[in-house]
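**Student:** Mind looking over this structure? Questions follow.
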Amino acid sequence: MLKEANQLISEQDYASLMAKIGKFNRSYLKQNSIATDISNQCLIGLIKKNADAHDTMGYIEENYSGIVESYFSDLRTYSYRYSLSRTRHNEASEDIAQESIISLLKAENEIVYVKPWLRQVTTSLIMDYFKQLKKESQMVKALEAEFGYLDSLLKTSTPGDLSEELLNQVPEMATHPDYLTLKEMEGFPTLRDYAEAKEITYDAAKKKCQELRHNLRAFYLRMVNWEASPEILSFNEVRAVQKLIRQLIQHPQRGEKPVLRKNSSLMSREEIMKVFEGFETIEYWDIVQIGDKKYRLHIASRSEEKSILCSVVVVNISAKGRLMVESCKRNKLAAIFNIPQNVVIPKEKGKVNLSFEQIKALLGPENQINL
């Protein structure tokens with residue numbers, strides 16, 4: 001019997017009311033314990049509203065969804081506050097609370113006590129968070145060490161003075177021809193003495209030293225599984241790729257078919273010309289290794305109308321530094337989005353804190369340029 005302020009609901013009306021709530025619960029909720037909590041919240045709402053027998057059904061129909069949302073919102077707040085007390089990190093606690101509630105909603109086994117269960121799941125996620133922090137810390141240390149190794153290739157006081165840690169990381173470097181040449185250079189009192197012994201100019205010796213260091217750096221990066229960066233190419237390979245890019249765009253600029261001197265292509269000159277039509281200057285290029293000696297070049301430029309043009313070229317680089325173009329295509333630019341001055345897109349950890357719908361709204365027709 002529900003009673004408040006001398007208003008009575010008959011046992012028959014009460015049974016009908018609970019049947020109505022039970023029907024809603026069975027439609028949306030898996031757990032009996034959660035269904036019981038929701039039923040109690042519905043009854044508490046009726047008492048606070050001082051509902052009588054005539055409007056109880058209408059109240060449940062109008063407010064059931066809001067009661068459920070409020071119930072889970074309270075549970076989420078409970079999980080968030082507990083997580084925050086342990087992690088002291090707002091964003092991490094938000095994520096943990098959200099994941100805890102999702103786990104609750106997806107739980108298949110019966111949950112008798114909701115809050116203790118939720119606390120247990122939250123605790124487990126907090127433990128995972130700290131384990132991940134430890135892994136990230138170890139990763140940062142590894143990256144810092146790797147950066148130090150790379151830096152030593154460029155800042156060594158003498159040509160062959162590479163750190164022992166670097167050689168421990170990649171033992172193959174100790175037998176690399178370029179490393180052995182650097183060690184030979186180190187055997188001379190100065191680089192000038194080396195130049196005189198080899199009967200070359202001092203400038204030629206300096207250039208050779210730079211090339212050897214560049215090649216060792218590229219070799220190191222490939223050995224530690226870097227795949228995307230011009231730095232994975234040897235000195236001569238970089239020059240060859242730069243030369244190819246110039247060949248690909250120079251003739252189309254003048255309305256002529258490209259001429260690939262010392263290089264080759266599986267595509268016709270007409271096809272290449274069509275891909276690079278409108279390219280003026282190279283704004284950006286990058287390279288990704290996709291096979292043993294196969295690479296994908298990304299080339300970006302601006303046309304006379306200042307539109308952004310992008311093309312992708314798949315090339316093979318031979319042992320002699322000759323390039324063969326396997327394929328190339330023009331990428332279609334879907335849109336350009338100019339961020340309004342009053343909109344700030346947070347970039348912490350690479351995450352954008354805007355919903356998909358907000359992004360869609362911002363990327364409206366007025367901000368899109370279709371090519």
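All of the numbers you see were taken from the coordinates with simple rules; none came from a lab. Nothing here was measured: the structure is a model prediction, and the numbers come from that model. For neighbour counting, all protein chains shown are included, and Cβ atoms are generated from backbone atoms with ideal geometry for every residue, glycine included.
**Student:** Say R0 is 56 Å: what FRET efficiency, to the nearest 0.05, do Val112 and Asp193 get from their beta-carbon distance?
**Tutor:** After rounding to 0.05, the efficiency reads 0.10.
**Student:** Using label points projected 7 Å from each Cα along Cα→Cβ, tell me how many nm separate Lys243 and Asp286, to one decimal.
**Tutor:** Distance between label points: 2.6 nm.
**Student:** Which cross-chain or sequence-distant (5 or more) residues have an amide H under 5 Å from the amide H of Glu283, H modelled 1.01 Å from N in plane?
**Tutor:** Amide H neighbours of Glu283: Ala300, Ser301, Arg302.
**Student:** With a Förster radius of 56 Å, plug the Cβ-Cβ distance of Ala174 and Asn331 into 1/(1 + (r/R0)^6) and report the FRET value to the nearest 0.05.
**Tutor:** 0.85
**Student:** Given the Cα-Cα distance of Arg86 and Glu186 and 0.36 nm per residue of separation, how much length would full extension add, in nm?
**Tutor:** 30.5 nm
**Student:** Something else now. Pairs Lys183/Lys294; Lys207/Lys262; Lys20/Lys48; Lys131/Lys293: which are spaced more than 27 Å apart, C-alpha to C-alpha?
**Tutor:** Flagged as over cut-off: Lys183/Lys294; Lys131/Lys293.
**Student:** Residues of segment 76-101 with the amide nitrogen closer than 19 Å to a label point 7 Å from the Cα of Lys30, along Cα-to-Cβ, please.
**Tutor:** Counting backbone N atoms under 19 Å from the label point, the list is 76, 97-101.
**Student:** Residue-wise, which Karplus ³J(HN,Hα) couplings in Hz belong to segment 200-210, taking 6.51 cos²θ - 1.76 cosθ + 1.60, θ = phi - 60°, and x for glycine or proline?
**Tutor:** Ordered by residue, 3J(HN,Hα) equals 10, 6, 5, 5, 5, 5, 5, 5, 4, 4, 5 Hz.
**Student:** Give me the one-decimal nm value for the distance between modelled label points at Met223 and Gln98, 7 Å along each residue's Cα-to-Cβ direction.
**Tutor:** 4.3
**Student:** Where a ≥ b ≥ c are the square roots of the eigenvalues of the C-alpha gyration tensor, would you call segment 3-130 rounded, which needs a/c under 1.5, or, failing that, prolate if a/b is larger than b/c, or oblate?
**Tutor:** Here segment 3-130 falls in the prolate category.
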